[in-house]
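Have a look at the structure below, then the notes.
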Amino acid sequence: MDYKNIIAKFADVPGGMIEAFHAIQDEFSYLPEEAIIEAAKVFGVPAADAYGVATFYSYFSVKSRGKNIIRICESAPCHIAGADEVVAALERELGITMGNSTADGRFALEFAQCVGQCQATPVITVNSKPYFDVTPAKVVEIIAEYK
Amino acid sequence: MAEEMRIVLRNYGKIDPLKIDDYISLGGYNALKKACATDKTALIDDIKKSNLRGRGGAGFNCGMKWSFAAMAQADQKYVVCNADEGEPGTYKDRLIMENDPQTLLEGMAICAYAIGATKGYIYCRGEYPQVVKILNTAIAQAKEKGVLGDFDIEVRMGAGAYVCGEETALIESLEGNRGEPRYKPPYPPAQGLWQKPTIVNNVETFAAIPVIVEKGGEWFASIGAPSYPGTKVLTLTGDINNRTFFEVPTNTTIREVIYKLGGGIPSGKKFKAVQIGGTSGAFIPESQLDTPIAFDAMTAIDAALGSGAVFVLDETRDLVDVTTQIAKFFEHESCGKCAPCREGTMRMFDLMEKINDGEGSAQDVALLNKLGRVMSYSCLCGLGQAAPAPVLSTIKHFPADYNAKFA
Ligand SMILES: Cc1cc2nc3c(=O)[nH]c(=O)nc-3n(C[C@H](O)[C@H](O)[C@H](O)COP(=O)(O)O)c2cc1C
Ligand code: SF4
Ligand code: FES
């Protein structure tokens, strides 16, 4: 869907800019510049404010990024359960470092803070779906699901 | 002692969370009916009598908070549920919402009646899209059954900002803005969402409400620690045999939680430290394990109950390394609105990293101590005020870990 149509759907929702941004990201995986400017117009705020919102929240990205977003929890419980090794395995498998996307645009790799699944650390999420007790060996299987 | 007692998780595993009829068949929505047949002042008085205190971390008396919003005159008031649950190591609110969403809706509806609100929001963290779906299904079913009367509830999803758990930041976010905390006063019960009187309560707080209404404030007040009665849901992580959750009366001690319910430390290793309340909590040494997991008892040992996360570390763990990771968390999550936190969390992480890399000295530790003290009273919101707690408590209780790292 066109970003304008998406934003229009939220025009009458009080405080709806964040909801609109979620919907745009579901479609584009990031917030394109035109969409942010359009949102500013529709919600009647200066473009600076719309940018302010877009850049405040860690789930929103103003840079284009890979379609499947892999996040790894680096909070203390996951950290001591071996998150570092999972990070190394992810970087090795995808051939990129944390904070970057694969050249084919399939994967983005990001750090996250606790995703609330701490009964089974370390945890990673792919497009918000959690994977539990992740090991370097499991990383290979998980990535294969999305290839 | 050290028995589980399920109040907020009373329906866990007993109902299909996606079937409102299951909830109703176990007495669901009787409390709301009873509440609506009670005079509002009497209802709030009973909540006050229960001495239920907020389960989101600040421990404010729930009935008292409601009475402020009830007294306020306004054409619209709001009931907001704080389901932002950002404190690392915590997933209790998720458990409640995934397993018994109707109990949360019922608790919110009782609050709406008590304060005179017709609109509610659940602010659910962006990490829980599956919970948002469950909540929306539950709301649709409740509407269809007509159990909520004229009370309307909407779910909004956060977008990954820990500070949005702070109630005024949460309100800003609901309004569609950057989630930066507001200056207080005014407090939300006087001026909250869109400047209207607003009650913000945690998921676990709301989940206790229907039971309290049903069984009476006195019944609740008699459970657990008298100054912070009831139960608390704890989530156990780290070096512990039973990495799971428990709901226990608030007079249960940390030692009972770790050794009885938690089954002790794996591989016969010794206990080293426990951090309670999530990442903003203090690290507690062995000598303080007989402290009950009640709000004031924890405050008395310079720690905090917070969200009820219990993060256990065994003797092999390097506390400086873990604390450095935590300092990174705060540096990342500081919203930047006030200088002591924006600059302080950055300097704190720098210093911790320096020490952790073996390049620090006793002077750096002294500097951390001073910085932490200044931050704890000069930061605008609880994030910056609590950020130094892990650093200050590890310096105090585990100096050997720091000394071992000096260049
Ligand atoms: C940085 C920060 C994060 C917070 N995060 C949460 C949270 O995730 N959930 C929550 O209920 N309260 C959180 N709080 C506490 C809220 O500000 C507020 O006290 C609480 O929602 C009130 O509800 P209660 O009285 O039922 O506890 C946080 C506070 C601060 C300062
Ligand atoms: S203490 Fe930190 S998080 Fe709170 S308002 Fe100040 S900068 Fe923002
Ligand atoms: S600490 Fe990693 S999911 Fe909670």
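The values are calculated or read from the model by the stated rules, or taken from the named source; none is laboratory data. Only a predicted model underlies this, so the values are computations on that prediction, with no experimental measurement involved. Because the Cβ atoms are built from the backbone with ideal geometry, glycine has one as well, and the counts that use them run over all protein chains shown. Heads up: the accessible areas ignore ligands, DNA and RNA and are worked out on the full protein's heavy atoms, side chains in. Shrake-Rupley method; radii C 1.70, N 1.55, O 1.52, S 1.80 Å.
At a glance:
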read-out	value
Number of the exception - B:E172 against (1) more than 16 Å from ligand 2 (Cβ to nearest atom); (2) in a helix (DSSP H, G or I)	(1)
Scan of region B:307-332 for residues that are open to solvent by 20 Å² or more (accessible area, probe 1.4 Å) and either part of a helix (DSSP H, G or I) or closer than 26 Å to B:G59 by Cβ (or both), ordered by number	B:D321, B:Q325, B:K328, B:E331, B:H332
Complete set of residues in region A:41-56 that are in a helix (DSSP H, G or I) and open to solvent by less than 70 Å² (accessible area, probe 1.4 Å)	A:V42, A:F43, A:A47, A:A50, A:G52, A:V53, A:A54, A:F56
Considering residues of region A:113-144 that are farther than 25 Å from B:G238 by Cβ and away from chain B (no Cβ under 14 Å) only, the residue least open to solvent (accessible area, probe 1.4 Å)	A:I143
Odd one out for A:E110 among (1) in contact (Cβ under 8 Å) with a residue 12 or more places away in the chain; (2) among the charged types (D, E, K, R); (3) more than 12 Å from chain B (Cβ to nearest Cβ)	(3)
Selection from region B:230-245 of residues that are more than 10 Å from chain A (Cβ to nearest Cβ), within 16 Å of ligand 1 (Cβ to nearest atom) and of a type in the set (S, T, N, Q)	B:T231
Residues that are touching a residue at least 12 places away in the same chain (Cβ under 8 Å), charged (D, E, K, R) and within 13 Å of another protein chain (Cβ to nearest Cβ), drawn from region B:153-201	B:E154, B:R156, B:E175, B:R178, B:E180, B:K196
Subset of region A:69-108 [within 23 Å of B:G278 (Cα to Cα), touching a Leu at 6+ places or on another chain (Cβ under 8 Å) and part of a helix (DSSP H, G or I)]	A:I80
Filtered residue count, region A:20-40, keeping only those that are within 14 Å of chain B (Cβ to nearest Cβ), open to solvent by 40 Å² or more (accessible area, probe 1.4 Å) and modelled with pLDDT of 95 or more	1
Subset tally (residues that are in contact (Cβ under 8 Å) with a residue 12 or more places away in the chain, of a type in the set (D, E, K, R) and within 16 Å of ligand 3 (Cβ to nearest atom)) for region A:73-107	2
Odd one out for B:K328, checked against (1) away from every other protein chain (no Cβ under 14 Å); (2) basic (K, R); (3) within 16 Å of ligand 3 (Cβ to nearest atom)	(1)
Residues of region A:6-19 that turn out to be of a type outside the set (A, V, I, L, M), at the interface with another protein chain (Cβ under 9 Å from one of its Cβ atoms) and either in contact with a strand residue (DSSP E or B) (Cβ under 7 Å, 6 or more places away or on another chain) or open to solvent by 10 Å² or more (accessible area, probe 1.4 Å) (or both), as a count	3
Test set (1) within 14 Å of chain A (Cβ to nearest Cβ); (2) touching a Phe, Trp or Tyr at 6+ places or on another chain (Cβ under 7 Å); (3) within 16 Å of ligand 1 (Cβ to nearest atom); (4) among the polar types (S, T, N, Q) - B:T250 fails condition number	(1)
